[in-house]
1. Can you pull out every residue in the stretch 1-37 that is part of a loop (DSSP other than H, G, I, E, B) and either surrounded by fewer than 16 Cβ atoms within 10 Å (Cβ to Cβ) or in contact with a strand residue (DSSP E or B) (Cβ under 7 Å, 6 or more places away or on another chain) (or both)?
2. State all residues of the stretch 129-143 that are at pLDDT 95 or above and surrounded by 16 or more Cβ atoms within 10 Å (Cβ to Cβ); if no residue qualifies, say none.
3. Quick one: what pairs do we get from the stretch 351-363, first residue over 14 Å from M324 (Cβ atoms), second of a type in the set (D, E) and part of a helix (DSSP H, G or I), C-beta under 8 Å, 6+ apart or different chains?
4. Which one of these does Y376 not meet: (1) of a type outside the set (A, V, I, L, M, F, W, C); (2) closer than 22 Å to H326 by Cα; (3) in contact with a strand residue (DSSP E or B) (Cβ under 7 Å, 6 or more places away or on another chain); (4) not in a helix (DSSP H, G or I)?
5. Look at E385 and say whether it is farther than 25 Å from L194 by Cα, out of contact with any Gly (no Cβ under 6 Å at 6 or more places or on another chain) and exposed (fewer than 14 other Cβ atoms within 10 Å of the Cβ).
6. K148 - would you say it is part of a helix (DSSP H, G or I), over 30 Å from L354 (Cβ atoms) and over 22 Å from the mean Cα position of the chain (by Cα)?
7. When only residues in the stretch 370-391 that are at pLDDT below 95 and of a type in the set (V, I, T) count, which is farthest from the chain's Cα centre (by Cα)?
8. For the stretch 36-51, enumerate the residues that are within 16 Å of Q75 (Cα to Cα) and polar (S, T, N, Q).
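The values are calculated or read from the model by the stated rules, or taken from the named source; none is laboratory data. Being a predicted model, the structure only gives us computed values, none of them experimental. Cβ sites come from the backbone with ideal geometry, for glycine too, and all protein chains shown count toward neighbours.
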Amino acid sequence: VLLSEEKQKELAAINLELSDLQLQFSQNLKHDTNQTYVIANSLKELEGLPQANIELAAKLAEKIGQKGKYAFNMQRASCNPVLQYCKNRELRKKVYLMYNDRCNHNDEYDNKEIARKIVDLRLKKAKLMGYKNFAEMQLKDRMAENAKNVYDLLDQIWAPAVAKANEELADIKAMMKKDKVKGQPQPWDYMYYLDKAKKAKFDIDEGLVSEYLEIDNVQKNGVFYVANRLYGLNFRERTEDYPSFEPTAKSWDVIDRDGNVIAIYYSDYFPRDGKGAGAWNTTFRSQRYDGAQRLQPIVLNCCNLAMPSSDRPALQTIDNVTTMFHEFGHALHSFFRNVKYRGTPGTERDFVELPSQINEHWAFEPEVLRNYAKHYKTGELIPQELVDKIEASSKYGQGFATVEYLAASLVDMDLHVLEEVPADLDVMKFQAEKLAARDIPRQILPRYSVTNFSHSLGGGYAAGYYSYIWAEVLDCDAFKAYTETGDIFNQEVAERFRKYILTPGGIDKGSVMYHNFRGREPQVDGLLENRGLK
């Protein structure tokens with residue numbers, strides 16, 4: 001788009017204000033995630049909470065001047081165990097509401113008006129560039145192409161996801177009745193009673209499973225093992241040799257089959273003060289060329305995983321292990337990318353999650369589990385019976401997980417297809433009205449509310465949070481390319497994936513790269529099967 005000098009100045013002013021507002025949004029969220037607390041006064045209030053989490057809560061309380069009590073901040077590593085394991089319903093309610101209402105307290109860290117301004121400025125920017133709304137501008141160069149295609153996919157999954165969530169809700173009601181809890185299930189009951197129902201249905205205890213998921217074993221004998229089996233990579237630790245920003249971070253040389261160091265990899269797995277929430281992959285230096293010489297990328301995985309306690313190493317949940325594999329999939333994309341020009345390293349936002357999400361598929365494959373899942377005390381290999389239970393229960397809870405994700409994706413799109421943003425728009429009321437119109441089960445709220453939706457309003461997923469499920473259609477279909485051969489480490493398929501997906505960067509469209517790999521268009525059936533929705 002060719003803009004006049006006056007409009008160029010207007011665009012520059014919008015971009016500057018957007019940058020400031022998005023930074024403020026993120027800083028406010030960082031404050032409410034790390035520096036707002038729910039306090040428990042006694043051990044009695046923590047019945048059911050694992051000892052390791054109790055110890056961490058006691059340490060946090062002492063750190064903030066509440067010695068003798070127990071504190072939980074809004075990092076998932078701190079608050080999720082309360083929601084999943086704690087019998088105390090009132091404490092679960094406090095933690096859930098504090099987490100869900102981050103930056104929605106009408107104080108100096110409130111993000112409601114900031115979010116409205118961001119949406120408004122994005123719309124003004126889009127109209128300045130000749131588009132009717134921000135989503136149209138964002139999607140024009142993505143696989144989805146337009147908002148209709150995004151809504152079509154989300155709607156295709158919404159009905160079976162809600163149906164599955166209602167089945168899970170029936171199980172929750174039965175468990176609550178068994179516990180003689182009166183009234184209807186609430187959002188803060190979902191994780192707790194879903195976990196209890198899962199234990200009852202499949203005789204699986206995630207606390208016991210965690211005893212086999214020690215973080216170093218998962219990384220070295222799980223994450224790195226899969227990379228070796230698929231792509232021939234080896235990893236040489238260099239933590240003592242390379243500079244680091246954090247004592248608990250580790251660094252590695254990434255070595256290919258020919259003995260060449262193709263990348264340097266850092267893993268920063270534990271939460272700390274001032275660290276952002278969630279998990280992400282980034283680069284200190286992206287792959288590029290200096291003349292004829294390929295410069296190695298320097299790649300970082302950041303997570304907020306379970307920390308070691310006084311009597312246990314860092315034992316992880318099933319979700320945390322999945323996160324480790326996910327972020328390392330992004331790292332693999334960075335390791336193998338080989339582009340000549342700086343304008344071509346990135347892929348479309350709705351394609352970029354394919355390398356990360358397909359990597360999750362290997363995390364709990366029995367052949368992989370048997371290589372890394374060893375008891376932290378005895379070194380005993382995870383029993384086959386427990387492996388079978390993990391597999392049998394893997395799809396349980398996917399109704400809830402899918403609905404909360406889709407709800408956030410829909411709100412993200414709804415905000416960015418607006419063609420007018422009223423000066424008095426209440427973003428939380430907007431969210432509630434949009435979800436009510438879709439008959440979302442009232443026990444399920446979006447994974448993120450607007451005031452703490454950093455992907456959409458503080459980061460790079462504006463009109464793009466749908467990308468995870470779009471890419472999941474791709475990753476489930478792509479993983480079938482392995483399973484159809486009967487070998488999850490099939491070398492021919494792995495080489496095609498490396499060649500056509502991981503290496504090209506943004507040289508081609510995602511649809512072209514996927515077709516080059518798979519030989520056809522992706523099919524949604526794999527996703528529905530993978531989530532147990534079909």
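1. Quick first cut of the stretch 1-37, residues part of a loop (DSSP other than H, G, I, E, B) only: 1-4, 35-37.
The answer is V1, L2, L3, S4, Q35, Y37.
2. Y131, N133, F134, A135, E136, M137, Q138, L139
3. Pairs found: E353/E472; E353/D475; L354/D475; I358/D475.
4. Going through the list (1) of a type outside the set (A, V, I, L, M, F, W, C); (2) closer than 22 Å to H326 by Cα; (3) in contact with a strand residue (DSSP E or B) (Cβ under 7 Å, 6 or more places away or on another chain); (4) not in a helix (DSSP H, G or I), Y376 breaks only (2).
5. Working: farther than 25 Å from L194 by Cα: no; out of contact with any Gly (no Cβ under 6 Å at 6 or more places or on another chain): yes; exposed (fewer than 14 other Cβ atoms within 10 Å of the Cβ): yes.
Here the answer is no, as E385 does not meet what is asked.
6. no
7. Here the residue is V387.
8. Of everything in the stretch 36-51, just one residue is within 16 Å of Q75 (Cα to Cα) and polar (S, T, N, Q), namely T36.
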